[in-house]
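Colleague: The structure follows.
Read the figures in this text as sums done on the coordinates, not as results from a lab. Being a predicted model, the structure only gives us computed values, none of them experimental. Backbone-built Cβ (ideal geometry, glycine too); neighbour counts: all protein chains shown.
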Amino acid sequence: MKLEEALKMAFERHLDLVEITSKANPPVVKIVDYGKFLYWQRKKEKEKKKQQKELKCIRIGFKESEHDLNFKAKKISEFLEDGHQVRIDLILRGREKAFSEQAIEKIKNFLEKIEISYKIIQEPKKVPRGISAMIVKK
C-alpha cells in the first residue's frame, strides 16, 4: 500500500501510523493509537525487567555466631530457589585481615551450611574488604 493511502486511512480513523520495522523492504507500519502503543511497549519492558534475576549480596563477619550463620544460610537457600545469583562477602576489619587463610576456610565452612544444591561461579578469593565468593543454583 502506498504511504499516502495509509496516512489517509489512519487520518479517517483518528489513529496514528506507526512504523514497526524499517529494515524490511517496504517498511512495515501499523495503524494504531500511538499513546496506547507506547503504553504497551513500556508494559512489556517492565515485564522483562521483572523476569530478570538479580544479584543478591550477603555479608558475614569473621566473628559471627553460629545461629546468625545458619539464619543467613537459610536466606541464601531462599534466594537460590528464586533463581538469583548470590555473592557472599566475609568482611575483615583491622587485624582480621592478617588471617586471610582462616577467613577462606570460614567461608568454605559457611558454604557447606547451605541446604540447597548450588554451583560456585567464583571461588572464595581475596578482595579489598575481605573474602568474596559467588554461587548460583544448579
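Colleague: So what J values fall out for the range 88-99 if you push phi through Karplus, 6.51 cos²θ - 1.76 cosθ + 1.60 with θ = phi - 60°, rounded to Hz, Gly and Pro as x?
Modeller: Each residue's phi maps through the Karplus curve to give 10, 10, 9, 7, 10, 10, x, 6, 4, 5, 6, 9 Hz.
Colleague: A follow-up question, please. In terms of Cα to Cα distance under 19 Å, which lysines are near enough to Lys48, apart from those fewer than 8 places away along the same chain?
Modeller: Hits, sequence-local ones excluded: Lys36, Lys56.
Colleague: So how far apart, in nm, are the two label points at Arg87 and Lys126 if each is 7 Å from Cα heading toward Cβ?
Modeller: 1.9 nm
Colleague: Translational diffusion coefficient, Stokes-Einstein: compute it for the range 1-104 using the Kirkwood radius over C-alpha pairs as Rh, at 10 °C and 1.306 mPa s, and state it as an integer in µm² s⁻¹.
Modeller: Translational diffusion coefficient: 83 µm²/s.
Colleague: Something else now. Angle, helix 3-12 long axis vs. longest principal axis of the chain, Cα atoms, 0 to 90°, nearest 10?
Modeller: With both axes taken from Cα atoms, the answer is about 90 degrees.
Colleague: What dipole magnitude, in Debye to the nearest 20, does the chain give about its Cα centre under +1 on Lys/Arg Cβ and -1 on Asp/Glu Cβ?
Modeller: 280 debye
Colleague: If each DSSP helix of 4+ residues adds -39,500 (n - 2.57) and the sum is divided by the residues in the chain, what number results at 222 nm, nearest 500 deg cm²/dmol?
Modeller: So the helix-based figure for the chain works out to -13500 deg cm²/dmol.
Colleague: I'd like to know which of Trp40, Met134, Val29 lies farthest towards the positive end of the charge dipole of the chain, counting +1 on Cβ of Lys and Arg and -1 on Cβ of Asp and Glu.
Modeller: Looking along the dipole axis, the top candidate is Met134.
Colleague: Okay, moving on. Kindly flag which residue pairs out of Lys106/Lys138; Lys8/Lys44; Lys97/Lys137; Lys23/Lys53; Lys74/Lys126 have an alpha-carbon separation exceeding 26 Å in this structure. Please report the intermediate quantities before stating the final value.
Modeller: On the way: Lys106/Lys138 23 Å; Lys8/Lys44 30 Å; Lys97/Lys137 30 Å; Lys23/Lys53 32 Å; Lys74/Lys126 24 Å.
Checking Cα-Cα distances, Lys8/Lys44; Lys97/Lys137; Lys23/Lys53 exceed 26 Å.
Colleague: Classify the range 51-97 as rounded, prolate or oblate, taking a ≥ b ≥ c as the square roots of the eigenvalues of its Cα gyration tensor: rounded when a/c is under 1.5, otherwise prolate if a/b is larger than b/c and oblate if not.
Modeller: It comes out oblate by the Cα gyration axes.
Colleague: Rounded if a/c is under 1.5, else prolate if a/b is larger than b/c, else oblate: which is the range 3-50, with a ≥ b ≥ c the root eigenvalues of its Cα gyration tensor?
Modeller: Note, shape of the range 3-50 comes out oblate.
Colleague: For a quick check of your reading of the filter: which GluC sites (Glu not before Pro) in the range 69-138 sit in a DSSP loop and have no more than 14 other Cβ atoms within 10 Å?
Modeller: Of the GluC sites (Glu not before Pro), the ones in loops of the range 69-138 whose Cβ has at most 14 other Cβ atoms within 10 Å are Glu115.
Colleague: Share of antiparallel DSSP beta bridges in the chain, in percent to the nearest 5?
Modeller: Of those bridges, close to 70 percent are antiparallel.
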